[in-house]
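A quick write-up on the structure given underneath.
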Amino acid sequence: MADKPTTSSSGRWSHLLKEIPNHAPAAKSPAPLPPEPLGEEMSDLEPEVYSVSQINKLVKKQLEGNFNSIWIQGEISNFKAHTSGHHYFSLKDDKAQISAVMFKGFNSRLKFRPESGMEVIVKGRITVYEPRGSYQIFCESMEPVGAGALQKAFEQLKAKLQAEGLFEVSRKKALPTHPQRIGVVTSPTGAAIQDILNVLKRRSRRAQVFVIPARVQGAGSAQEVVSGIELANRWGQLDVLIVGRGGGSIEDLWSFNEEIVARAIVASHIPVISAVGHEVDFTISDFVADLRAPTPSAAAEVVAQSEEQLLEKLKFFTKSLRIGVYQLLENYRKQTQFLSRQLIDPRKYLQDCLLRCDDWTQRLLQTMGRQIQHKRMQIRLNQSRLISPEQILRELKKQAANLSKLLALAVQSQIKSSRHHWQQATGLLDSLSPLRVVDRGYGIVRKDQQLVADVSQLKQGDSVEVELRDGFFVSEIINVKRKDKK
């Protein structure tokens with residue numbers, strides 16, 4: 001938090017009142033003079049009179065000119081978060097209060113959620129609303145005061161990130177078993193980096209340590225920690241990243257409670273170990289990191305196992321391997337013995353097969369005998385039902401002779417009927433034939449091979465062909481006459 005002015009408000013107000021100019025506006029009528037007091041002389045000076053709007057404007061000018069950047073500490077009351085995103089509230093102490101407003105563009109940068117009853121320090125400027133003659137402070141920044149307020153801000157951010165699932169174990173990355181390239185984001189001059197280097201030097205001579213310097217306390221330190229994490233990820237050569245510092249008060253450790261640091265840890269592609277403060281200290285970075293170490297030294301011990309520990313692990317794994325191989329061989333031996341007892345003597349197995357074969361042969365012969373006997377009985381029964389072929393043949397011949405006679409009679413009848421119908425049709429056709437008309441003395445007239453049925457088809461000079469019963473002749477049309485229609 002930036003340094004704050006220490007000038008008391010009462011001193012500033014006393015100075016302000018002295019600076020208000022003592023002059024009257026032009027073209028103002030003097031106010032009526034009060035009655036002359038007894039025993040005193042009437043003043044010769046006429047009092048200066050201001051309108052309400054003039055005095056409000058003058059006060060606005062003086063206040064806004066003298067308090068354009070001021071720090072005020074007080075308790076929030078009547079807090080209201082408007083739907084527009086602006087915050088409206090009052091700041092009060094045990095004797096007075098002042099109205100305050102914080103617009104959306106400023107309150108969106110707060111690292112906590114203001115509430116009524118919270119003690120805060122705000123930075124802003126005093127402004128006067130002339131129509132009502134009221135003044136208020138336009139807040140540009142706000143910080144909680146005291147450990148209680150910081151703890152409340154801590155709990156608010158913790159609840160927010162937990163609701164987003166950033167504390168879930170399933171989201172966190174596993175640490176490599178034997179990291180060789182270890183990054184550390186911390187102050188290069190603090191005790192934490194010395195503790196980490198001492199532990200790594202003692203426990204792992206092969207590990208390489210890359211220190212990414214960042215301030216871990218004070219204004220702007222959270223952004224430096226974020227920049228260090230992002231730099232390590234852009235480089236992309238580290239196996240694991242330690243982010244932390246030594247112990248301190250909640251104010252000292254507050255950089256690791258900032259939301260931007262928490263989200264940078266979550267976004268890191270490199271596994272992150274949070275090592276902030278002492279064992280009793282918990283920060284937001286501890287909850288979102290892939291692993292929380294109680295101290296920076298403990299973080300170094302996690303990433304760098306000593307050679308003695310590696311040898312002990314090797315001995316343990318060797319012993320476990322021997323025991324596993326022995327148990328595996330023992331299990332195979334027992335299984336072999338069990339299977340050996342389950343095996344049958346091949347000669348006994350063959351004898352059983354022969355006995356089963358004889359039994360199946362006997363059953364097959366018996367079944368076949370019964371089937372043959374049954375078929376014989378069916379044959380005898382069918383033979384008794386059969387008719388002599390000669391008798392069937394004689395019957396068929398008789399039926400054929402009868403059918404032949406019936407067929408001959410039917411054919412003769414059909415021929416006779418057809419001949420009669422043909423004669424009738426021939427006579428009718430002959431009676432309707434044009435040739436019969438010609439035989440009666442008529443002729444058939446044709447013009448250009450087309451029959452002439454009407455005189456309208458003829459004109460003078462046309463040649464026509466006339467067919468008679470015994471020949472043809474050609475005539476020329478001399479005249480055409482049409483009968484009168486009645």
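The values are calculated or read from the model by the stated rules, or taken from the named source; none is laboratory data. For clarity, every value in this text was computed on a predicted model and none was experimentally measured. Cβ placement follows ideal geometry from the backbone for every residue including glycine, while neighbour counts extend to all protein chains displayed.
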* Asked: Given the structure, is Ser84 assigned to a loop (DSSP other than H, G, I, E, B) and of a type in the set (Ser, Thr, Tyr)?
  -> yes
* Asked: In segment 307-319, is there at least one residue being charged (D, E, K, R), modelled with pLDDT of 85 or more, surrounded by 10 or more Cβ atoms within 10 Å (Cβ to Cβ) and out of contact with any Asp or Glu (no Cβ under 8 Å at 6 or more places or on another chain)?
  -> yes
* Out of Leu311, Leu328, Leu339, report the one residue that is assigned to a helix (DSSP H, G or I) and under 30 Å from Arg181 (Cβ atoms). => Leu311
* **Number of positions in segment 214-227 that are more than 14 Å from Trp254 (Cα to Cα) and buried (at least 23 other Cβ atoms within 10 Å of the Cβ)** => 1
* Could you figure out which of (1) surrounded by 10 or more Cβ atoms within 10 Å (Cβ to Cβ); (2) of a type in the set (Val, Ile, Thr); (3) not in a helix (DSSP H, G or I) isn't true of Ile478? => (1)
* Looking at segment 58-100, which of the residues that are among the acidic types (Asp, Glu) and without any contact (Cβ under 8 Å) to a residue 40 or more places away in the chain is farthest from Arg132 (Cα to Cα)? -> Asp94
* To do: May I ask you to list the residues in segment 76-94 that are small (Gly, Ala, Ser) and either under 15 Å from Lys104 (Cβ atoms) or surrounded by 15 or more Cβ atoms within 10 Å (Cβ to Cβ) (or both)?
  => Ala81, Ser84, Gly85, Ser90
* Considering segment 151-198 alone, what residues qualify as being within 30 Å of Glu119 (Cα to Cα) and hydrophobic (A, V, I, L, M, F, W, C)? -> Ala153, Phe154, Leu157, Ala159, Leu161, Ala163, Leu166, Phe167
* Looking only at residues in segment 284-318 that are in contact (Cβ under 8 Å) with a residue 40 or more places away in the chain and among the hydroxyl-bearing types (Ser, Thr, Tyr), which one is farthest from Gly244 (Cα to Cα)? -> Ser306
* Breaking point among (1) outside the structural domain of Ser297 (by TED's automatic domain parsing); (2) in contact with a helix residue (DSSP H, G or I) (Cβ under 6 Å, 6 or more places away or on another chain); (3) over 27 Å from Glu259 (Cα atoms); (4) not aliphatic (A, V, I, L, M), for Glu140 -> (3)
* Please specify each residue of segment 172-188 satisfying the condition of being without any contact (Cβ under 8 Å) to a residue 40 or more places away in the chain and within 23 Å of Ile260 (Cβ to Cβ). => Pro188
* Show the residue pairs that are 6+ apart or on different chains and have beta-carbon atoms under 9 Å apart, the first residue being within segment 458-486 and under 20 Å from Tyr442 (Cβ atoms), the second being among the aromatic types (Phe, Trp, Tyr) and outside any loop (DSSP other than H, G, I, E, B). => Glu465/Phe472; Glu465/Phe473; Val466/Phe472; Val466/Phe473; Glu467/Phe473
* Quick check: anything in segment 103-112 within 25 Å of Trp254 (Cβ to Cβ), crowded, with 17+ Cβ neighbours inside 10 Å and charged (D, E, K, R)? -> yes
* Among (1) more than 26 Å from Phe256 (Cβ to Cβ); (2) at pLDDT below 90 - the single one Glu119 does not satisfy -> (1)
* To do: Would you point out which residue out of Val303, Val272 is farther than 26 Å from Glu164 by Cβ, in contact with a strand residue (DSSP E or B) (Cβ under 8 Å, 6 or more places away or on another chain) and among the hydrophobic types (A, V, I, L, M, F, W, C)?
  => Val303
